[in-house]
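This report refers to the structure that appears directly beneath it.
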Amino acid sequence: MTKKAETTEGVWEIHAGVPRAKKSARRVAPVEDLHYNNPYGYTIERVWFDGKVIFATEQGEVDVDPKKVKVAQEYQIVYSVRLNAKGTLVREPDRVPGQLNIYDSIPGMKKYSPIWQFNYVTVPRDYVPNAQLRDRSA
């Protein structure tokens with residue numbers, strides 16, 4: 001009897017340590033059934049995406065040219081920030097305590113990149129952390 005060759009490529013999921021082909025396309029559900037034991041001890045941060053809190057790992061800073069390297073946008077809510085002429089930090093911003101950063105994309109989206117470009121959003125001192133932000137023109 002001939003043994004059937006195993007599939008080596010495709011969209012996979014791993015459940016209870018057993019890999020298998022994923023049956024349906026990825027969708028963002030209100031709550032994902034996530035089990036992650038963090039084997040490398042990464043720092044995990046909570047961030048906002050599309051009105052939901054999601055989890056991400058911080059892997060440090062890299063200096064890239066966003067005109068040459070695809071980057072995603074990350075927004076950090078601050079009371080104040082000082083940038084030089086190149087748009088890089090002169091000193092650490094005065095962050096809003098308890099405020100989560102905001103991502104514009106997640107894996108699976110066309111505009112996603114694992115490299116994030118920081119955008120600083122300044123708010124007044126009476127801003128409530130993690131309150132809904134609106135466009136100034138709205």
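The values are calculated or read from the model by the stated rules, or taken from the named source; none is laboratory data. From a predicted model like this one, the values you see are computed outputs, not experimental measurements. Methodologically, a virtual Cβ is constructed for each residue, glycine included, from the backbone with ideal geometry; neighbour enumeration extends over all protein chains shown.
Quick look at the numbers
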| quantity | calculated |
| --- | --- |
| Residue satisfying all of: in region 1-29; in a loop (DSSP other than H, G, I, E, B), of a type in the set (A, V, I, L, M) and more than 30 Å from Pro129 (Cβ to Cβ); modelled with the lowest pLDDT among these | Ala5 |
| Of all residues making up region 85-106, the number that are closer than 19 Å to Val64 by Cβ and either part of a loop (DSSP other than H, G, I, E, B) or touching a residue at least 40 places away in the same chain (Cβ under 8 Å) (or both) | 8 |
| Scan of region 82-98 for residues that are surrounded by 13 or more Cβ atoms within 10 Å (Cβ to Cβ) and closer than 18 Å to Val53 by Cα, ordered by number | Val96 |
| Residue count for region 35-60, restricted to those that are among the acidic types (Asp, Glu) and at positive phi | 1 |
| Criterion violated by Asn101 - all others in (1) loosely packed, with under 12 Cβ neighbours inside 10 Å; (2) touching an Asp or Glu at 6+ places or on another chain (Cβ under 7 Å) satisfied | (1) |
| Qualifying residue in region 107-129 (condition: free of Cβ contacts under 8 Å to residues at least 12 places away in the same chain, among the aliphatic types (A, V, I, L, M) and touching a strand residue (DSSP E or B) at 6+ places or on another chain (Cβ under 7 Å)) | no |
| Among (1) surrounded by 10 or more Cβ atoms within 10 Å (Cβ to Cβ); (2) assigned to a loop (DSSP other than H, G, I, E, B); (3) not charged (D, E, K, R), the one test that Phe55 misses | (2) |
| Residues that are within 26 Å of Pro129 (Cβ to Cβ) and assigned to a loop (DSSP other than H, G, I, E, B), drawn from region 63-84 | Val71, Val81, Arg82 |
| Lone qualifier among Glu32, Glu92 - being at pLDDT 85 or above and under 25 Å from Gln132 (Cα atoms) | Glu92 |
